[in-house]
1. By how many nm would the segment from residue 236 to residue 28 lengthen if fully extended, with 0.36 nm per residue of separation less the alpha-carbon distance?
2. Assign one of three labels to the chain, namely rounded, prolate or oblate, based on the Cα gyration tensor with a ≥ b ≥ c the square roots of its eigenvalues; rounded applies when a/c is under 1.5, prolate when it is not and a/b is larger than b/c, and oblate otherwise.
3. Which value, in debye to the nearest 20, gives the size of the charge dipole of the chain about its Cα centre, when Lys and Arg are +1 and Asp and Glu are -1 at the Cβ?
4. Using only Cα atoms, locate the centre of region 197-258 and the centre of region 153-188, then give the distance between them in Å, rounded to an integer.
5. Expected output is a single nm value to one decimal: the length gained when fully extending between residue 180 and residue 136, i.e. 0.36 nm times separation in residues minus the C-alpha distance. What is it?
6. Using DSSP to define loop residues, name the trypsin sites (Lys or Arg not before Pro) in region 196-256 whose beta-carbon has at most 15 other beta-carbon atoms within 10 Å.
7. Express in nm, to one decimal, how much length is gained between residue 118 and residue 248 on full extension, taking 0.36 nm for each residue of separation and deducting their alpha carbon distance.
8. Put +1 on the Cβ of every Lys and Arg and -1 on every Asp and Glu Cβ in the chain; which of 60, 1, 115 then has its Cα farthest towards the positive end of the dipole?
Amino acid sequence: MKKVVVVGGGVAAKGFLGASIALNRDVAYTMIRKNTRGPVPCGIPYAFGIVLSTGSHPVFPPFPGKDLEGIYVIEKDLDKVVALKPVVEAAKSVVIVGGGFIGVESFEGDGHVESVKLADGTQINADLVFVAIGAYPNVDFANKIGLDLDDKRAVKVDAFQQTSDENILAIGDCASKIDIYTEKSSNIRLASIAAKEGRNAALNLFEHKMKFEVRGIMNLFSTSVGGTYFAAAGMTKSQCVNLGYDVVEVSVEAANRHPAALPGTVKTRGFFSLTRRI
């Protein structure tokens, strides 16, 4: 029986295991992950293959006061998220640092955060702060075993998810990505891509059978705030301009249901950037 070790968890690992168990017979799997809800073996046994799914670390710049109590980063760890629920419910003033951190100068307080100071001198009262400004690949283990990284410091993989070691595959946030527009390495790390990479690794676990059919990814998100939905896909106008595209902005407004006479119908507004390379 062949043995495969999956280092890490998350969407990518689940996508890989679900597909690999269905596709590959006579294989024993061992998953190593730090999450307390999963098994944590004491070491890595001898294996025919290793699949890295170590995810990412949250970005937390060295702001003055970053070690005060009441300041948290957003981690992809269900146990930690659940533990934060009563903290959020008890808070009276919450500040979310996101969408870039240029404007934040420091966190102020005496043992526990009391306010956030901005670069222009503005002071915002806060007894709870979330820093959600992005993530970077967790390549701690990859560095220890000498795998090649790309210029975004992610584990470099080919179209089969293979790393610089022929016996090791990498999937999810820790693995390199290619931007569909620029064809260069990308920092975009999405659950949908991670799941697809997991299935791709399962197909190519012991031999190259099928390439990742979409060689390139783009940014995509949707969320709801106070009952209002927001979604975006692709590049921003400034990103397009910086890359040398000629940009034409188009604003569109339409009903969110068809026909528009249906109860609960609201107007949806969208902005589109039509581009062409200069």
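1. Working: separation 208, 0.36 × 208 = 74.88 nm, distance 4.49 nm.
Length gained, residue 236 through residue 28: 70.4 nm.
2. Numbers: a/c = 1.76, a/b = 1.26, b/c = 1.39.
The shape class here is oblate.
3. Here the chain has a charge dipole of around 1040 debye.
4. Here the answer is 17 Å between Cα centres.
5. Stretched fully, the residue 180-residue 136 segment lengthens by 13.9 nm.
6. 209, 211, 215
7. 43.4 nm is the gain from fully extending residue 118 to residue 248.
8. Of the listed residues, the answer is 1.
FYI, it's all coordinate maths here, none of it is from the lab. Bear in mind that the values here come from a model prediction, so they are computed numbers and not experimental data. Because the Cβ atoms are built from the backbone with ideal geometry, glycine has one as well, and the counts that use them run over all protein chains shown.
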